[in-house]
Amino acid sequence: MMTGVILAGGLNRRMDGKLKALLQIGEEPLLLKQLLEMSLLCKQVLIVTNVADALSPVVERFRELYHGEMDIHYIHDRFVQAGPLGGLHAACLTKLESLMWVVGCDMPLVSAAAAKAMGERCLEAGCKAVIPVIEGRVHPLHGIYSPLVGAAAGDLLTQGNHRLMGLLDQIDWIAVEQDFFMEKGISVEFVMNLNTPEAYLKFLTGY
């Protein structure tokens, strides 16, 4: 039903050049935690990255632990340094399930339960995306997208528009707010990201 997409192609400038996908969360790198959670829902995961060699030890560890039951593939942006929109576009050009669960590599609390609930909502509504809106803030990552958004993403990128929010202006999407998740017993912390050293330290020390 769903392909997982991890966007790991950023330059990590705000993290002082450290690869966010390799940040240690407890005893494991963040990427491994994401793969473990995605394995609850997805049979295929795409990692959009230009540093596959650096990430491959983590992916191989996941395969050793879980016997390779989930297909994991590295893909590259077609539009270089085009941010998350470029990564989403690249994923849409790959053979996929009917929906994509798209996350940033700096999100330590991704939730298969949240993704499943949003995926079901997307199929029920027949829309192109379902996006969390938490406390009034739109979170296009940890969103559910149809691969059909690839055409609109490509048009924006060709025009030099790299804003993922710009894509939402072009497609039919549905917002899901706190109450949607609370009614299902799902914490909304899944939208958290660690994009600065300060945010990372705050997360590690329990706020």
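The values are calculated or read from the model by the stated rules, or taken from the named source; none is laboratory data. Computed from a prediction, not measured in an experiment: that's the story for all the values here. Quick reminder, even Gly has a Cβ in these numbers, built from the backbone with ideal geometry, and neighbours come from all protein chains shown. Note: accessible area is taken over every heavy atom of the protein model, side chains too, but ligands, DNA and RNA are not part of it. Shrake-Rupley method; radii C 1.70, N 1.55, O 1.52, S 1.80 Å.
Looking across segment 78-103, the residues that are out of contact with any strand residue (DSSP E or B) (no Cβ under 9 Å at 6 or more places or on another chain) and buried (at least 18 other Cβ atoms within 10 Å of the Cβ) come down to Phe79, Ala82, Leu85, His89. Among the residues of segment 128-140, those identified as in contact (Cβ under 8 Å) with a residue 12 or more places away in the chain, assigned to a loop (DSSP other than H, G, I, E, B) and within 25 Å of Glu189 (Cβ to Cβ) are Glu135, His139, Pro140.
Taking the listed residues Glu37, Glu28, the one that is among the charged types (D, E, K, R), open to solvent by 20 Å² or more (accessible area, probe 1.4 Å) and at pLDDT below 95 is Glu28, with no other qualifying. Inside segment 17-45, residues that are touching a Phe, Trp or Tyr at 6+ places or on another chain (Cβ under 8 Å) and either closer than 17 Å to Glu64 by Cα or charged (D, E, K, R) (or both) make up a count of 5.
Only residues that are within 21 Å of Ala114 (Cβ to Cβ) and not β-branched (Val, Ile, Thr) were counted across segment 191-206, and they come to 6.
Taking segment 52-77 as the range and being surrounded by fewer than 17 Cβ atoms within 10 Å (Cβ to Cβ), touching a residue at least 24 places away in the same chain (Cβ under 8 Å) and either more than 17 Å from the chain's Cα centre (by Cα) or farther than 25 Å from Leu164 by Cβ (or both) as the test, the residues that pass are Ala54, Arg61, Tyr66, Glu69, Asp71.
What residue, among those in segment 141-166 that are part of a loop (DSSP other than H, G, I, E, B) and open to solvent by 20 Å² or more (accessible area, probe 1.4 Å), is nearest to Leu96 (Cα to Cα)? Ranking the qualifying residues of segment 141-166, first place goes to Leu141. Remark: Leu46 falls outside the filter, which requires a residue to be buried (at least 18 other Cβ atoms within 10 Å of the Cβ), part of a helix (DSSP H, G or I) and either touching a Ser or Thr at 6+ places or on another chain (Cβ under 9 Å) or not acidic (Asp, Glu) (or both).
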